[in-house]
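Reviewing the structure listed below.
Coordinate-derived values only; no laboratory data. The structure presented is a predicted model; accordingly, all values stated were derived computationally and were not measured. Neighbour counts run over all protein chains shown; Cβ positions are idealised from the backbone, glycine included.
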C-alpha cells in the first residue's frame, strides 16, 4: 500500500481535478478543431477518460467504491458508442469516400 | 517527495500525449498517442490505488477500443490524410472556447471547498477487485444487467449500419 | 334547456356534413330555426328577478381552478337571440347562392354559432377565452375557402391581429386567476386589485382583445380589407354578430372586473372610440367600393356603441344593447343589399352602378328602408338607441358628445350617397332581376323587427335594465374591494 | 418494471421474428409487446402491484414515472405502427428497425424512473444509441447518413459533457443518488463552486439533448435528414424522456441550488423561443418546420423547469403528451403524402385526397399553435399559469412568441385546407394507419377531458 497515502502527501485532490480538467479541455478543443470524424471520435473518448480520471480521484479521496463502478459503466458506454460511431463512419465512407465532416453539409441549405 | 515527482511526471506526460492526439496531422499517430495517453492514465489510477480500474482501462480502452479504431483506419485507408486545414477563424474560436472552459473551471476550483471524506475502515481497499466485484454483483447488479440492453442495441445497430446490402453487391 | 344551446349547433354542424347536397339548405335552415325556438323559449321562461341564471354550475378541474359555469342574464339572452335569429337569416339570404348548399360552409356556420353561443353564456374566464378563440377558426375557414381570390394577405392580417389581441387577454386572464381561487366569474369579480399598475395592465390585456375585434380606432386596420375579401356570408357573420362578442365582453368582463383601472383610462378610450366614429364616417364618404363603404360605416356605428358602453351608466349600456341588436340587423341588411347587387352585376363599385331603382323597384324600396334605418330616423330602432348613447356620452363630456353627434349627419351623407349613386342616375347596367323570394323574406323580417323595436324600444330596454343594474352593482362591489 | 422487461423482451422477440421473413410477425410481436406493457402500466397506475420486485433502489416507478412511461409506450406504439408501411419496404432489416426502436423505448422508460446517476446515464445511452443508428437507417440516402453522423457526434459530445458534470456533482456531494445529492446540497455552504460547475455542465448537456438554443443547431439538420418515423421518435419519445429525467434532476437533486440555475435557464429559454420561432418562419419543408417548432416548444417547456411549482411534473407530462400527439399526427401525414422533397406545399388538396388526414392535420396544427380545446392549448395554459406568479415577464415573452408562431402554423394550416392546382390521386390508408390517426385525434382533443379523472 505504498501509494494509498497519495492524498496525504503533497499532491491533493485538487491536482487531479486540474489534470482532469485540462484533459477534458483538450478533448473539447479537439472536437472543435479537428475535421476528421474519426479523430473527433477519439477526442470524445479523451473527454470520457478525463471524466474517468476525475471520478477515480474522487472515489479514492472519499474512500468509496461507487465512483470506480461508475467508471466501468462509462467504459461500457464508451465501447458501445465507439462501435456505433465507427459503423456510422464506415457507412458514410462507403457512400461518400471521406470522413471529413466539412463535406457533410448537404442538409444545411 | 518522490510521490509528487511521480505525479508531476505522469501528469505532464498525459497532457503532452493528449495534446499530440489532437495536434498530430497523421490519424495513425493520433491513435497511437491516444493509446499512450490511456496507459498514462492507467498509471495514474495505480497511483490512486485503483488497480482494477487501471487494468480494465488498459484492456478495454487501449486493448479493445483503440484496436477497433486502428482497424477502421486501416480498413478505410484513411492514414494518408493530413491535419486540419480549416479556416484560421475556426481554429481561434476552438482555442478560445476550450481555453475559456479551462479558465472558468480552474478559476472556480481555486476556492472550491471539497466535502471532507468520511473514510471508512476499509477505504484503502476500495479499488481492489474483491471489493468492486462484491459491489457490482450485489448492490449494482441491475445497472450491470441493464448495460446488456445497451450492448445488444449497439451490436444490432452496428450490424444494421455496417452490413452491406445485397442490392449494392449486385 | 340551456344545454341545447351547445348540443344543437354541434349536432347540426355534423349532420350537415353527411346529408345529400340538395338537402343542405333545408337542414341548415331547420337547424338555425330550432336553436332560435330554444332561445325564444329561454327568454320566455327567464325571470329577471333571479339575476344570473346558471344552467351548468360545477367544478371541472379542481386543482387548476377550472370550472364549468355557464349561464345567462338578460344581456346574454338578447345576444343569444341575436345570434340565433341572424344565423338562419344569413343562411336564408344565401339561399339562392351555391354557397348555401355547400356542406362545409353550412357546417362552419354552425361551428361559428357554437363559438358565439359559448362566448355569450360563459361565466368562467377560461371558457370565455376558449370560445372567443374558437370562433376564429370557422370564420377564417369561411373566408379562406369562399372568399375573393386575393384574400390570403388580408386574412393573415386579420388572424394575426385578433390572435395577438386574444393572447393579451389570455395573459390577463391568467394574471387575474393567480389572485383568485378559480376562473369562475364571481371569483374573478371579487378579486381585490390593490396594485394599480397591475390592475391597469390586466385591464389593458382585456381591452386589447376587445379593441381589435370591435374594432376601436387605431386597431381597426384589418377590418376593411377582411370585410372586402371575405364572402358576403363571412362579412355578415363578422359585422353582424362577431364584433358583438367584443361589445358583450366589455359589458360582461371589462366593466365589472376593472372599474378602478377604467376610471383612469375611460376618457382616452372614449376619445379613441369617438375618433373612430368620425374617422369611419369620413372615410366612408369617399369610398367607391360599396362593401368597403359599409365596412367603414360599421366601424363608425360600432365606435359609438363602444363609447357609450364605457360611460358605464345604466341608460347608456341598455341603449348599447339595443343598438347592438339594431346594428346587427342593419349591417346584415346592408351587406345583403350589396350582395344582391354584386350577384347580379358582378361589381360593387359605385362608379359602375346606376339606375337600379328603375329596373328593380322592390329592391329599391327595401334598400331605401334599410338606409333610413341605418341613419336612425325616428320609428326605427336606431333612433332611440343612438339618441340614448349620444346622451350618455354628452353627459360624460359635452365636447366629445358633440363631436360624436356629427355621426348623425355624416352617416346620412355616406348612406344616401351610396344609395343615390347606385339606385338613381342613368341606367348603365345590364338587366337587373328583382328580388328573389328568399332575399325578400330576409329584408322583410329585418325591417319588421327594426320598426317594431323603433316603435316600442322599451321591450328591449326594460328587459335588460335589471341585468345592467346588477352588473354595475358588481362593478361597485369590486371598486370597494380594491379600496 | 414489468413494462420495462416486457418492452425489452418484445424487442428481442421482434429481432428474432425477423428471421421468419414475415414482416407482419415482427410488427405484431412489437405492437403486442407494447400493448402488454401499456396494460401493465395502467394496471400499476390503478393501484396494482408490480410483479417484479426490485432489490435495487436506483429504479423506482412512482406514479409520475408511470404516467411518463405510459405516454412513451403509447407513442412508440403509434410510431412503429405508422412506420410499418415504410419498414415493410426493406424486409431485410425490419427486425432491426423495430427492435432498435423498442430498445430505445426501454431506455426512455428507464429515464423516467431512475433515482441514481447510474440508471440515469445508462437509460440515456440506451435511449440515444439506437436513435443514432435509426437516424441513418435510410442507408443509401446521403442525407440520412449525414443526419446520423451529426446526431451521433453531437449526442456523444453531450454525453461527455454530461458525465463531466456528473463527476463534479459526485465530487461536491460524494454521492450518485438523487436523494443524497439533494440532502448534501441542502446541508452544504451555498457557494460551492464544484457544485456549480457540475450543474452548469449537466445543464449544457441537457440543452444539447433537448435541442434548446444555443445548442440547437444540430436539430433541424438531423430532423430533416432522418426518416420520418425517427424524426417523430426524436420529437416525441426522446423529448419526453429527456424532460422527465432532467425535471427530476433539477427539481429534486438540484432544487436547493435553485437560485443558481434559474436565471441562466430563463435567459436561455428566451433565446430558444426567439431562435426557434424566427427561424421557423422561413421554412418550406415540413420536417424542418417541425424541427424549429420543436425548438420553440422546448422553450415553453423550459418554463416548467423554471417555474418549479407543485404541479410541474404533471404540467410537463401534459404538455409533452399533447405535443407528441400533434407531432405524430403530422409525421403520419408526411409519410402518407410521401412527397419527395417533403414540402409543406405538398399538403395542398389533402382534404380531397383523404379527409381524415386533413382533419388530423388541422387539429395537429391548431394544437401546436395552442388554439383552445386542443391539448396544445391546455398544455400551454398549465405551463404559463404555473409560471405566472414568479415569472410573469417570461410568461409574457412566451405569449408574444406564441403570437409570432401563429404565422407559420397558419401557413401549414392554409396549405392543408386549400385546394391543390393539380389533380392528385386520393391517398389510401391502411387499416393500421387509420386507427393510429384516429388515436392521435382522440389524443389531441380528448386529453384535456381526462384530467378530472386523474
Item to check | chain D, relative contact order [Cα under 8 Å, separation at least 6], % | outcome: 14
Checklist entry - Nearest 0.05, what FRET efficiency do residue B:103 and residue B:24 give at R0 = 30 Å with Cβ-Cβ as r? => result 0.75
Item to check | Separation of the residue C:451 and residue C:33 label points, Cα + 7 Å toward Cβ, nm | outcome: 2.3
Item to check | Cα gyration tensor, the range A:6-103 - rounded (a/c under 1.5), prolate or oblate | outcome: oblate
Item to check | For chain C: relative contact order, % (alpha-carbon pairs under 8 angstrom, 6 or more apart) | outcome: 16
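According to the square roots a ≥ b ≥ c of the eigenvalues of the Cα gyration tensor, what is the shape class of the range C:8-108, taking rounded for a/c under 1.5, prolate for a/b larger than b/c otherwise, and oblate for the remainder?
Cα axes put the range C:8-108 in the oblate bin.
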Item to check | residue B:74-residue A:96 pseudo-label distance in nm [points 7 Å out on the Cα-to-Cβ vector] | outcome: 2.6
Item to check | FRET efficiency, 1/(1 + (r/R0)^6) with R0 51 Å, evaluated for residue C:379 and residue D:43 via beta carbons | outcome: 0.10
Checklist outcome for this item: FRET efficiency (residue A:12, residue D:186; Cβ distance; R0 25 Å; to 0.05) is 0.40
Item to check | Principal-axis tilt of helix C:398-423 within chain C, Cα atoms, nearest 10 degrees | outcome: 30
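Considering Cα pairs under 8 angstrom that are at least six residues apart, work out the relative contact order of chain A and quote it in whole percent. Spell out each step's value before the answer.
Working: 80 pairs, mean separation 27.6, N = 109.
Dividing the mean separation by the residue count of chain A yields 25 percent.
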Item to check | Fewest-first sequence of C:178, B:148 by Cβ atoms within 10 Å of each Cβ | outcome: B:148, C:178
Checklist entry - With each run of n ≥ 4 DSSP H residues scored as -39500 (n - 2.57), what mean residue ellipticity at 222 nm is computed for chain D after dividing by its residue count and rounding to the nearest 500 deg cm²/dmol? => result -25000 deg cm²/dmol
Next on the checklist: Give me the inter-chain shielding for C:176-183: mean count of other chain Cβ atoms within 10 Å, whole number please.
Outcome noted: 2
Next on the checklist: Helix C:125-134 against the longest principal axis of chain C: what's the angle in degrees, Cα atoms only, rounded to the nearest 10?
Outcome noted: 20
Checklist outcome for this item: To the nearest 10 degrees, the tilt of helix C:4-18 (Cα long axis) against the first principal axis of the alpha carbons of chain C is 40
Item to check | Of A:19, A:91, A:69, the one that fluctuates the most in a GNM where chain A has Cα springs shorter than 10 Å | outcome: A:91
Checklist entry - In nm, to one decimal, how far is the residue C:441 label point from the residue C:22 one, both placed 7 Å along Cα→Cβ? => result 1.8
Item to check | Global geometry of the range D:55-209, whether rounded, prolate or oblate, following the gyration tensor of its Cα atoms and the 1.5 cut on a/c | outcome: oblate
